[in-house]
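Step one of this worksheet: look at the structure below.
The values are calculated or read from the model by the stated rules, or taken from the named source; none is laboratory data. Quantities reported herein were computed from a predicted structural model and do not represent experimental measurements. Backbone-built Cβ (ideal geometry, glycine too); neighbour counts: all protein chains shown.
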Amino acid sequence: MASFAEDLFDVFEETEDVIEVIPTPVKSKNEDLNASLNEKETNAESGTKRELENDSDEFISKKLRSDSILEDLNIEELTSRIKIHTIETIESCTHEVAVPPDYEYVPLENKQGKPAKEYKFVLDPFQKEAILCIENNQSVLVSAHTSAGKTVVAEYAVACSLRDKQRVIYTTPIKALSNQKYREFFEDFKDVGLVTGDVTINPTASVLIMTTEILRNMLYRGSEVMREVGWVIFDEIHYMRDKERGVVWEETLILLPDNVHYVFLSATIPNARQFVEWVAHLHKQPCHVVYTDYRPTPLQHYIFPVGGDGIHLVVDEMGQFKEENFNRAMACLQHGDAAKGDTKGRKGGIRPSNVGQTNIFKIVKMIMERNFAPDCETYAMQLAKLDLNTLEEKKLVDEVFNNAMDVLNPEDRRLPQVENVLPLLRRGIGIHHGGLLPILKETVEILFGEGLIKALFATETFAMGLNMPARTVLFAASRKFDGKDFRWITSGEYIQMSGRAGRRGLDEKGIVILMIDEQVSPVVGKAIVQGKPDPINSAFHLTYNMVLNLLRVEEINPEYMLERSFYQFQNQASIPNLYNKVKDLQIAYNAVTIDKYNHISSYHDIREQLERLSTEFRSFLTKPEYLLPFLQPGRLVKVKNENEMFDWGIIVNFKKKNPRNPSKENTVIIIDILLHISKDSSEGCPVPCHEGEEGDMEVVPVIHTLISQISSLRLYYPKDLRPSDNRKSVLKTIQEVKKRFPDGPPLLNPITDMGIKDETFKDIVKKIEMLEERLYAHPLHKDPDVNTLYEQFLYKEDLGNQLKQAKLELKEAKSILQMDELKCRKRVLRRMAYCTASDVIELKGRVACELNGTDELLMTEMIFNGLFNSLNIPQMVALISCFVCDDKSNEMPKSTEELSGPLRQMQDLARRIAKVSTEANLELDEDAYVERFKPYLMDIVYAWCKGATFLQICKMTDIFEGSIIRCMRRLEEVLRQLCQAAKNIGNTDLENKFSEAIKLIKRDIVFAASLYL
């Protein structure tokens, strides 16, 4: 692919003037015309001849040059050189391999001897295919549904690495998943380590589990670990499309060495082949894709209309959409008694058939009281009367729960969330959402995995992680809030979450129920329940941390990253199609041959200039102050709408939209005009009557700016225009007038009759008169074929414009994207002394290199402006909390001077950064940038640093307990980065201050150890 891009670049170097193939005399001729008009040149004929002589040789030479260049172009050079081989497999999965250029593909061999890992169950076809790739030391992407068994492939890659005395890295998108995987792998392999930033266990182990960010940082620092790594496993690789963090996956994959092999685990993605092509292109090695749509447990999808009387099967096990059932469900929404409710005020419910109500119906009934956002706790509390666990199961729940809570101090065990959740768990009802305390989330996961939770109310975060299937998945809302607005869930989100339905070996089928409380069209409904999964589209974007790290690392630079990004690769995928488009347009353009081309070209220039001046003329003519006195009924006028000219019509009436001051420029006049229109006209969209067509005479409301000509004639017309015969009589009168005036009815003189005294207007009139003389004197004007020739010319001009646009698109596609932004970011870094003009990292840059996942520039400015030096530790930590607070609270923090003063200083620094960015042509809204740093946790963090208990700080805000803990843990991560940054620049005082801050916040339930460790 590198040579592909170079070939393309060469082609563009050679073909810069192919664009010149398109005759563009309009610009030069317009300049000539303007010059001649300004000089009051009156010899039209000699002027035209002179233009034709000058134009002829130039056009012929351009055409010859372009033809020779086109012959040199080779479309084959522009097609992708990554080869795709399809490998025959048994049913239910597809297997392809992307092979880089100049690589001889050798078919996979079945290895003899004992496998690296043996399983007690029969492997699925896709698992066998993926394991065969690993045995042959070749990278593979496994794309399969949630719960299909992708982890088997990862386990085999780990076993192979251990067998071959290599190290293996397993990356996950989130720390919680890293902790789960550590527990799972430790039970199987023992020689397992965990590195997540806040927790490090056995970092010298052969199997290292970490978040993708940790691996990225290791690669930037040139970690020795990578020398021993044979395999890197990326779990949930489809996370790469995440807008905020997806770029980390791209950075990591680009920075990894070519001698490492990869296993990518992904949900089903439609562009899996494109992804493996990119990996093959990046690392010059074959990369396989094993794709399966097969579900071990087939799914049935139901819709439950709120207020309806049951559930409706809309997609069966075979994946067939039942439109009739869907429409029946929607009809229930129209006619259902959704407004009524029981004494608790629920919006609707199922009227039971008195006997045999199933558990799922009971659950559905209990979750009627709902809002747009999933409210797991409210739903769970509504099941107060439901008990799904036996006495024995209750004892087990108590044992697991109490063991888990033993790590907490007595006060933390009295937290409302902890006390409220146990009674629910004992009855087999669970909750799982981002606002839940991490220790409770893990307890719920463990209980669910053990079958002690029968009904789990969860958000989509539960769909990412361990294989924890359920018999039935119920969507309590079909819309979700995505940070901007409430929208329908996407088919990708639906597929990911519904994939939890159906327990392999226990259920014949999985049940998915989607609750809907508003009318949905079959198109939208079908798109959700039967839509395609979301593709992996690059979310690559530049960050200052990335740019500075790439400037620091030898042998690579930021341009290296841009050229190799998936973003660039996806963009370049369009090049062959764009090139074919250019070639086809070029052939079509060259195929149109026109006699007297240069005559027509100069004739076109005059007409185009006349058109432009006519538009200016009309803008004066239709000014309300000049037009209003002449809008009498019966006045003959002509109307022009865009490119359509109507025949003469008569004014019937008019009304002003701004009657108070009719001379104002913005006054709108609606004129009722009797026009001859085509029978093909649709209501509200009249078109002129075609030649030879009878047409209709209709009164059409026309905005005053569409009047193109005003006659001095006024015609008599019948008062009642409703009868068709009366309207037809007006048409006959107009036709008589046209016969009497072959050159057209006399027009009002805009200067003498309408009183337009403006000097600019008079100049326009003179130019129009001169151009009309030139047009009438032009040799082509009296040619009988002028209309045919002119249409051909315009067709060729249009092809030329399309060709020019296609070439620009092709040029953009081959250019490196985001290069302009990179230049702007480098400009900012130089102006703020982070690097020199020759891209050498300065002291500030070395600090910013250590800071990721936060605003590296503002944090660095705060360090170098001494803002942290003047603050005590609680103040400093409270201020830094603004960088990690994502949640918005309804309560603003209490504004004490010890916190509001530092906040103002930080905001001033942020405004300075925004100003420098704007000066460097980087788009940045100053106010939006300052508002990014949210102060909602400042007083909470300040109180925590002062020794407050978790119960006390929870009472200070309406932010969820789990969200507070998440922000505190991110805060600790930022403090660790700041500690390292201070150490790098030799600032011992700051290093000690940040270390003390970490000790101050790292206590109690906020940093309780994971149950998986």
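Structure notes:
- Residue among ALA591, ALA527, ALA539, ALA573 that is modelled with pLDDT of 90 or more and either crowded, with 21+ Cβ neighbours inside 10 Å or out of contact with any Pro (no Cβ under 7 Å at 6 or more places or on another chain) (or both): ALA539
- Any hit, the range 255-267, residues being surrounded by 22 or more Cβ atoms within 10 Å (Cβ to Cβ), within 18 Å of ILE84 (Cα to Cα), aliphatic (A, V, I, L, M) and at pLDDT below 95: no
- Taken over the range 672-727, the criterion of being part of a loop (DSSP other than H, G, I, E, B) and among the basic types (Lys, Arg) is satisfied by LYS679, LYS719, ARG722.
- Subset of the range 635-653 that is in a strand (DSSP E or B) and without any contact (Cβ under 8 Å) to a residue 24 or more places away in the chain - its residue that is farthest from ASP743 (Cα to Cα): ASN653
- Answer from VAL355, VAL364 - the residue that is modelled with pLDDT under 85, exposed (fewer than 13 other Cβ atoms within 10 Å of the Cβ) and among the aliphatic types (A, V, I, L, M): VAL355
- The one condition from (1) without any contact (Cβ under 8 Å) to a residue 24 or more places away in the chain; (2) closer than 20 Å to THR297 by Cα that VAL106 does not meet is (2).
- One residue stands out among those in the range 830-846 that are more than 32 Å from the chain's Cα centre (by Cα) and assigned to a helix (DSSP H, G or I): the one that is surrounded by the fewest Cβ atoms within 10 Å (Cβ to Cβ), which is LEU843.
- Per this entry, LEU141 is counted among residues that are within 27 Å of PRO286 (Cβ to Cβ) and aliphatic (A, V, I, L, M).
- Cβ-Cβ contacts under 7 Å between residues 6 or more apart (or on different chains), taken from a first residue in the range 498-516 that is in the same structural domain as PHE475 (by the TED database) to a second residue that is polar (S, T, N, Q) and assigned to a helix (DSSP H, G or I), are listed as VAL512/SER498.
- Counting only helices (runs of 4 or more DSSP H) wholly contained in the range 913-996, the ones carrying 2 or more residues that are within 30 Å of the chain's Cα centre (by Cα), of a type in the set (D, E, K, R) and more than 22 Å from VAL195 (Cα to Cα) occupy 926-931.
Here is a yes/no grid of residues against (1) free of Cβ contacts under 8 Å to residues at least 12 places away in the same chain; (2) of a type outside the set (Val, Ile, Thr); (3) outside any helix (DSSP H, G or I); (4) more than 27 Å from HIS541 (Cβ to Cβ):
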site	(1), (2), (3), (4)
LYS782	yes, yes, yes, yes
LEU789	no, yes, no, yes
GLN792	no, yes, no, yes
GLU797	no, yes, no, yes
GLY800	no, yes, no, yes
LYS804	no, yes, no, yes
ALA813	no, yes, no, no
CYS824	no, yes, no, no
VAL828	no, no, no, no
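- Among residues of the range 771-789 being within 17 Å of LEU610 (Cα to Cα) and among the charged types (D, E, K, R), the one that is surrounded by the most Cβ atoms within 10 Å (Cβ to Cβ) is ARG774.
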